[in-house]
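Engineer: If you scroll down you'll find the structure; I have some questions about it.
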Amino acid sequence: MTQTAAAESVTGHDGNVLRVDGLVRRFGDLTAVDGVSFTIAQGETYGLLGPNGAGKTTTISMIAGLIAADEGTVSVVGEAMGPTKIGPKRHLGLVPQDLAIYPDLSARENLTFFGRLQGMAGAELKARVAEVLELTGLTDRAKGPTKDFSGGMKRRLNIGIGLLHRPTLLILDEPTVGVDPQSRNQILESVENLSGEGMAVLYTTHYMEEAERLCDRIGIIDSGTLQAEGTRDELIRLIGGVDNIQLTGSGDTAAAAEAIRSMPAVAQVNAERGLLQLTVHDAPAAVASIVTTATGSGMELSDVQISRPNLESVFLHLTGKALRD
């Protein structure tokens, strides 16, 4: 059986696997989470990004039913989630940042133990353990104690435990922390495959390139509030993101700069000797006409470079911090 069985079109009445509405959580005078709302659809990977202390862990804890919300609701496949709710937790796989494995047990023994906690047994459990060992690339190391595993192997086993019961929603809390590049890439490929097979994934990370690669939509949280949400391109447009084009060459750069300034896509031109720095809307669409205009005005180009805003730019704009702060 493939992992696709985890997501047999199980969604809530609104078509979403997860719905978070107006979550609030206070610790004394501190409001750690303040009105957070978002949804995750079947087959979607949603990235929740924020600096340390932004409220990510508290939000995840409420979604997983580990702590209660002071206000707001969480529903998983249409069922209300909370600390005393058993039904919706069956649809959930939680992979915490801290490793949740027994070091003196083997990978197979760890998976078997956690499978039994999920109510699995017999031939079904044995077959599923074998599938997960294969999925995580641990089949050849299934018998040795996990205390001898590398950091990357432990992380992959941690993810495998979360996948055992074929959850509809998988929560991955910084799953690549402290792993080597090879294991990290293997983990990312596994996450891509899971969403491709219909599983909903909630993903937190301190690596912006992971969010760029994996996430269909991203929510940026800071000071307990969801500051912005959307696809990569939608987030960039929210801050008025523009592209930069650098033209290097010789000849009549002044005439080229004057001609380029009149083009509709060009917002700004800074001219130096042999160099034009352009601020442009949608550089990939405009670059060909810009090059034609420059060369037609007497500039001989030796190099053209395009740089586009990225999620790091958006994050810094919204939070004033780098993601790893």
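The values are calculated or read from the model by the stated rules, or taken from the named source; none is laboratory data. Because the structure is a prediction, the values reported are computed rather than measured. Neighbour counts are summed over all protein chains in view; Cβ atoms, including those assigned to glycine, are modelled from backbone coordinates with ideal geometry.
Engineer: Do you know which residues across the stretch 33-62 are closer than 23 Å to Ser313 by Cβ, of a type in the set (S, T, N, Q) and either surrounded by 19 or more Cβ atoms within 10 Å (Cβ to Cβ) or free of Cβ contacts under 8 Å to residues at least 60 places away in the same chain (or both)?
Structural biologist: Thr45
Engineer: A follow-up question, please. Would you point out which residue out of Leu133, Leu169, Leu138 is surrounded by 20 or more Cβ atoms within 10 Å (Cβ to Cβ) and in contact with a Phe, Trp or Tyr (Cβ under 9 Å, 6 or more places away or on another chain)? Let's see the steps before the verdict.
Structural biologist: Values: Leu133 fails: in contact with a Phe, Trp or Tyr (Cβ under 9 Å, 6 or more places away or on another chain); Leu169 fails: in contact with a Phe, Trp or Tyr (Cβ under 9 Å, 6 or more places away or on another chain).
Being surrounded by 20 or more Cβ atoms within 10 Å (Cβ to Cβ) and in contact with a Phe, Trp or Tyr (Cβ under 9 Å, 6 or more places away or on another chain) holds for just one of Leu133, Leu169, Leu138, which is Leu138.
Engineer: On the given criteria, is Asp180 acidic (Asp, Glu) and touching a strand residue (DSSP E or B) at 6+ places or on another chain (Cβ under 6 Å)?
Structural biologist: No.
Engineer: Would you please list the contacts, defined by Cβ atoms under 9 Å and residues six or more apart or on different chains, that run from a residue in the stretch 63-78 that is closer than 13 Å to Asn16 by Cβ and assigned by TED's automatic domain parsing to the domain that holds Val10 to a residue that is aliphatic (A, V, I, L, M) and assigned to a helix (DSSP H, G or I)?
Structural biologist: Hits for this filter: Val74/Met62; Val74/Ile63; Val76/Ile63.
Engineer: Just wondering, is there one or more residues in the stretch 16-32 that are modelled with pLDDT of 95 or more, within 22 Å of the chain's Cα centre (by Cα), surrounded by fewer than 16 Cβ atoms within 10 Å (Cβ to Cβ) and not polar (S, T, N, Q)?
Structural biologist: Looking for residues that are modelled with pLDDT of 95 or more, within 22 Å of the chain's Cα centre (by Cα), surrounded by fewer than 16 Cβ atoms within 10 Å (Cβ to Cβ) and not polar (S, T, N, Q), one finds at least one in the stretch 16-32, hence yes.
Engineer: So, Leu188, is that one in the same structural domain as Glu44 (by TED's automatic domain parsing) and buried (at least 20 other Cβ atoms within 10 Å of the Cβ) or not?
Structural biologist: No: the conditions fail for Leu188.
Engineer: Still on this model: Checking the conditions here, which among Gly198, Gly144 is in contact (Cβ under 8 Å) with a residue 60 or more places away in the chain and within 24 Å of Ala127 (Cα to Cα)?
Structural biologist: Gly198
Engineer: Pairs needed: first member in the stretch 106-122, in contact (Cβ under 8 Å) with a residue 12 or more places away in the chain; second member anywhere, among the aromatic types (Phe, Trp, Tyr); C-beta distance under 8 Å; at least 6 residues apart or different chains.
Structural biologist: That search, which allows pairs on different chains as well, returns Ala107/Phe149; Asn110/Tyr102.
Engineer: If you check Tyr102, Tyr46, which single one turns out to be in a strand (DSSP E or B), among the aromatic types (Phe, Trp, Tyr) and under 23 Å from Leu164 (Cβ atoms)?
Structural biologist: Tyr46
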